[in-house]
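Peer 1: Below you'll find the structure I mean.
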Amino acid sequence: QGIKFQSRREAKYFRELQARQYAGEVSYFLRQVPFDIFGVKYRVDFMEVLKNGRIRYVDVKCFRTQVYKNKRTQVMNLYPVVIEEA
């Protein structure tokens, strides 16, 4: 589809989301959703809106760097969200 992903794992998760959307479990999803951390952008890989209205924020990571861990924690402290890992 001409979309570039950071990893094969992220591309695989994208295809799984498409299948879940087709099956009706996911209403829609967005990629690379930005959060502002005091002027620095943190982008979560996927925001999923489930059929029941629940919203999930998911980061697909192969390696959890300290920078990633710090930014994820900051986002969850500043915003009323939980960032899940896949």
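Peer 1: I'd like to verify a number: residues in the range 3-30 that are under 17 Å from Glu85 (Cα atoms) and among the hydrophobic types (A, V, I, L, M, F, W, C), how many?
Peer 2: Residues of the range 3-30 under 17 Å from Glu85 (Cα atoms): 5-17, 29-30.
Applying the additional criterion that residues be among the hydrophobic types (A, V, I, L, M, F, W, C) yields 5, 11, 14, 17, 29-30.
Here the count works out to 6.
Peer 1: Starting from the range 15-31, keep only residues that are on the phi > 0 side of the Ramachandran plot, then list their pairs with residues that are charged (D, E, K, R) and open to solvent by less than 60 Å² (accessible area, probe 1.4 Å) whose Cβ atoms are within a distance under 6 Å, requiring at least 6 positions of separation or different chains.
Peer 2: Filtered contacts from the range 15-31: no entries.
Peer 1: If a residue has to be under 22 Å from Phe63 (Cα atoms) and acidic (Asp, Glu) to count, how many in the range 1-39 make the cut?
Peer 2: Counting residues in the range 1-39 that are under 22 Å from Phe63 (Cα atoms) and acidic (Asp, Glu) gives 2.
Peer 1: Go through the range 32-50 and report how many residues are in contact (Cβ under 8 Å) with a residue 12 or more places away in the chain and of a type in the set (Asp, Glu).
Peer 2: The total comes to 2.
Peer 1: Report, by residue number, each residue of the range 10-51 that is under 18 Å from Lys69 (Cβ atoms) and open to solvent by 80 Å² or more (accessible area, probe 1.4 Å).
Peer 2: Hits for the range 10-51 are Phe38, Lys41, Arg43.
Peer 1: Here's a check for you: in the range 59-75, which residue that is in contact with a strand residue (DSSP E or B) (Cβ under 6 Å, 6 or more places away or on another chain) and closer than 16 Å to Lys41 by Cα is most open to solvent (accessible area, probe 1.4 Å)?
Peer 2: In this case the residue turns out to be Gln74.
Peer 1: Something else now. For the range 59-76, which positions are over 22 Å from Leu30 (Cα atoms) and polar (S, T, N, Q)?
Peer 2: Thr65, Gln66, Asn70
Peer 1: For the subset of the range 76-86 comprising residues that are among the aliphatic types (A, V, I, L, M) and open to solvent by 50 Å² or more (accessible area, probe 1.4 Å), which member is farthest from the chain's Cα centre (by Cα)?
Peer 2: Here the residue is Leu78.
The values are calculated or read from the model by the stated rules, or taken from the named source; none is laboratory data. Quantities reported herein were computed from a predicted structural model and do not represent experimental measurements. Reconstructed Cβ throughout: ideal geometry from the backbone, glycine too, with neighbour counts over all protein chains shown. Side chains included, ligands, DNA and RNA excluded: accessible areas come from the protein's heavy atoms. Shrake-Rupley method; radii C 1.70, N 1.55, O 1.52, S 1.80 Å.
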